[in-house]
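Q: Handing you a structure now.
The values are calculated or read from the model by the stated rules, or taken from the named source; none is laboratory data. Predicted model only: the values in this text are computed from it and were never measured. As a convention, Cβ positions derive from the backbone with ideal geometry for all residues, glycine included, and neighbour counts pool all protein chains shown. To get the accessible areas, we keep the full protein, side chains included, count just its heavy atoms, and leave off ligands, DNA and RNA. Shrake-Rupley method; radii C 1.70, N 1.55, O 1.52, S 1.80 Å.
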Amino acid sequence: MTTATEQAESQGLLLQLLDPANRADPYRLAAQFREHGPLRLPEARLTVFSSYRDCDDVLRHPASASDRSKSALARAEVESQTQALTEAGVVLPPPVPPGFLFLDPPDHTRIRKLVSKAFAPRVVNALAPEITALVDGLLDQIAGKGRFDVVEDFAYPLPVAVICRLLGVPIEDEPQFNHASALLAQALDPFVAFTGSPSEGMEARMQAGTDLRAYLHGLIERRRSRPGDDLMSALIAVEESGDQLTEEEIVSTCVLLLVAGHETTVNLIGNAILAMLRQPSQWAALGGDAARAPAVIEETLRYDPPVQLIARFAADDMAAGGVEIAGGDVIILLLAAAHRDAAEFDRPDVFDPDRQVLRHLGFGRGAHYCLGAPLARLEAGAALSALTARFPRARLDGEPQYKANVTLRGLSTLTVTV
Ligand code: HEM
């Protein structure tokens, strides 16, 4: 039984997590979550886990679902939002299938299988020369300037160019939807789960989704008549060959991949650069030995993970982390806290690429393990090793600024002098 005081304390922690003032250093707060243990708000039908073991358990649990329609509260929330918007005269777009990140078997299995060929290590590794050329081009521009913004001038343009190339989206169209991608990433923040209502700007996010979908339908029409050697053309071929995939599912898949390609690897590259500049021996070590890149990348995924939390829904009554969870409840896994858990990692608050045992959850675990992981590792490896080698005397030039996002936390600006 939770007392009113405990409930107020838990609610306070959740609100602090949403507060942009805590974005620069979420790890002090993460420690408070860990000390608290599994946090339960029975009325909100919410459980938040923050130890490594509990997060790992939930990701492996057969009753952990990703389809939010399995959450009783999410269903009620969608209904009430729909009603409120309709009453306010907003014309709602017709329902569309969610991206496969938000699906369970059998739909998840079917769509993931069709897409995974494009992200297999062999296919991804073939992009290496193109990625190296893109990195070199960006570094040449930085060298000409002497001072650069890590996000705008380096960490963002690379993954964006690569995901557009992979999907078959013309890079010159990208300015049309990069704002939409940023808005859609905000929709991952757990405002409804923590407060009962969405964060501000929901209408703008819905409009962004509608606009991006309209753009992608148009591009599908163009690719039908002139296919390319890209993922969208491959998915269109699958759709045309039978009943395995619908056009709406192709659009949802492309939205998911475009947002993932725009909003995640940028944060990995940015966070790794910041960690190394705060510990210049690491910058010098990587600059002198490109083979250290994988260790730097894996440690960044642990120490300052681009995806700070993962959501699940209990498909059934289940037990995890020593607590009983009712079917339909929301479960939040705080990776940011799990990754600093001293029960799993020695000296967890130290950035140490040389640590031997590293089983981070930065790319998730289980059926939804990140499909883009080989691509993200390749891009970040090429970017970080080339940057450190080219600019051995780089140093921070000002304080890092962060975006407001909770789930996909990342730098908005970081100035560096080379
Ligand atoms: C450093 C960069 C990245 C990080 C930290 C990251 C992290 C994650 C995490 C934690 C998950 C699991 C989510 C869950 O279990 O609910 C995930 C899933 C996924 N990621 Fe990534 N990701 C990154 C880059 C990418 C890229 C570049 C792409 C593709 C363009 C991508 C595509 C996906 C997809 C499609 C899924 C869903 C897989 C499924 O549901 O089966 N990710 N990612």
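Q: Note down the nm distance, to one decimal, between modelled labels 7 Å out along Cα→Cβ at residue 28 and at residue 404.
A: Rounded to a tenth, the inter-label distance reads 2.3 nm.
Q: In addition: Could you work out Rg/(2.2 N^0.38 Å) for the stretch 1-145, with Rg from alpha carbons only?
A: 1.51
Q: Considering the stretch 100-257, what Rg and Dmax in Å follow from its alpha-carbon atoms?
A: Just the Cα atoms of the stretch 100-257 yield Rg and Dmax of 17.7, 55 Å.
Q: Sticking with this one: Packing-wise, with mean Cβ within 10 Å as the measure, how do 169-181, 96-108, 43-55 rank, highest first?
A: 43-55, 96-108, 169-181
Q: Based on the mean of other Cβ atoms within 10 Å per residue, sort peptides 281-294, 76-89 so the most packed one is first.
A: Packing order, densest peptide first, comes out as 281-294, 76-89.
Q: I would also like to ask the following. Could you work out the relative contact order of the stretch 4-417? I mean the mean sequence separation of Cα pairs under 8 Å and 6+ apart, divided by the number of residues, in percent.
A: 29 percent
Q: Moving on. How much accessible area per residue does the chain have, in Å², with a 1.4 Å probe?
A: 44 Å²
Q: If you take the charge dipole of the chain about its Cα centre, with +1 on Lys and Arg Cβ and -1 on Asp and Glu Cβ, which of 283, 202, 7 is farthest toward its positive end?
A: It is 283, whose Cα lies furthest towards the positive end.
Q: Let me ask another. Of the options 350, 372, 166, report the single residue whose Cα projects farthest towards the positive end of the charge dipole of the stretch 4-417 (beta-carbon charges: Lys, Arg +1; Asp, Glu -1).
A: 350
Q: Still on this structure: Which value at 222 nm does the chain reach when only helices count, each DSSP H run of 4 or more adding -39,500 (n - 2.57), with the total divided by all residues and rounded to the nearest 500 deg cm²/dmol?
A: -16000 deg cm²/dmol
Q: Could you grab the Rg to Rh ratio for the chain? Cα atoms only, Kirkwood for Rh. Don't skip to the end; give the middle numbers.
A: Numbers: Rg = 21.4 Å, Rh = 22.4 Å.
Across the chain, the Cα-based Rg/Rh ratio is 0.96.
Q: Over the stretch 14-62, what per residue volume does the convex hull of the Cα atoms give, in whole Å³?
A: 91 Å³
Q: Something else about it: Carbon-plus-sulfur fraction of the accessible area of the stretch 4-417, 1.4 Å probe, in percent?
A: The value for the stretch 4-417 is 55 percent carbon and sulfur by accessible area.
Q: For the stretch 293-366 and the stretch 23-82, what is the centre-to-centre distance using only Cα atoms, to the nearest Å?
A: 13 Å
Q: Roughly what would the spin-label model give for residue 247 and residue 80, points 7 Å off Cα along C-beta, in nm?
A: 3.7 nm
Q: Which lysines does residue 145 reach when only Cα atoms under 25 Å apart count, and residues fewer than 8 places away in its own chain are ignored?
A: Partners within reach: 403.
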